[in-house]
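Down below is the structure, laid out as structure tokens.
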């Protein structure tokens, strides 16, 4: 829409913002979710066929009624590394799987790019003046 602010001044065009195409965005998100679920289902189903339904950490056994609590853990923590022979997978119960990822994050945190944890020396020595304090009490 064109309009004049003041006679003699240049005409300004109103800036129309183009609304996002929500239908298109919804389709993209739905497709990404479908692809992820299909990929997960594929390697999960393969792992459940290859391995016994036992948690690799706590040795809890699973059956058809509670198999949904058994998860596929990627040993190298790369969820896109899914070899057909299952060499990067292990079955863990949801509790052990959560614990494993927490341990991984704890070990990865606080380190530098080389993976070594940087240590710093404490500068405060609480006993530095102890000898003088004890001497005064005598």
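Looking for whichever is modelled with pLDDT under 90 and out of contact with any helix residue (DSSP H, G or I) (no Cβ under 9 Å at 6 or more places or on another chain) here; the options are 32, 122, 59. Which one fits? Before you say what the answer is, go through the steps one by one.
Values: 32 fails: modelled with pLDDT under 90; 59 fails: modelled with pLDDT under 90.
On inspection, the qualifying residue turns out to be 122.
In segment 54-79, how many are within 18 Å of residue 37 (Cβ to Cβ) and out of contact with any strand residue (DSSP E or B) (no Cβ under 9 Å at 6 or more places or on another chain)? The total comes to 3.
Yes/no per residue for (1) free of Cβ contacts under 8 Å to residues at least 12 places away in the same chain; (2) in a helix (DSSP H, G or I); (3) within 23 Å of the chain's Cα centre (by Cα); (4) under 16 Å from residue 93 (Cβ atoms):
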{"site": "31", "(1), (2), (3), (4)": "yes, yes, yes, no"}
{"site": "36", "(1), (2), (3), (4)": "yes, yes, yes, no"}
{"site": "39", "(1), (2), (3), (4)": "no, yes, yes, no"}
{"site": "44", "(1), (2), (3), (4)": "no, yes, yes, yes"}
{"site": "56", "(1), (2), (3), (4)": "no, no, yes, yes"}
{"site": "59", "(1), (2), (3), (4)": "yes, no, no, yes"}
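Looking only at residues in segment 81-105 that are more than 16 Å from residue 55 (Cα to Cα) and part of a helix (DSSP H, G or I), the one that is modelled with the highest pLDDT is 102.
The values are calculated or read from the model by the stated rules, or taken from the named source; none is laboratory data. Note that the structure is predicted; figures quoted are calculated from it, not measured. Please note: Cβ atoms are built from the backbone with ideal geometry, for glycine as well, and neighbour counts cover all protein chains shown.
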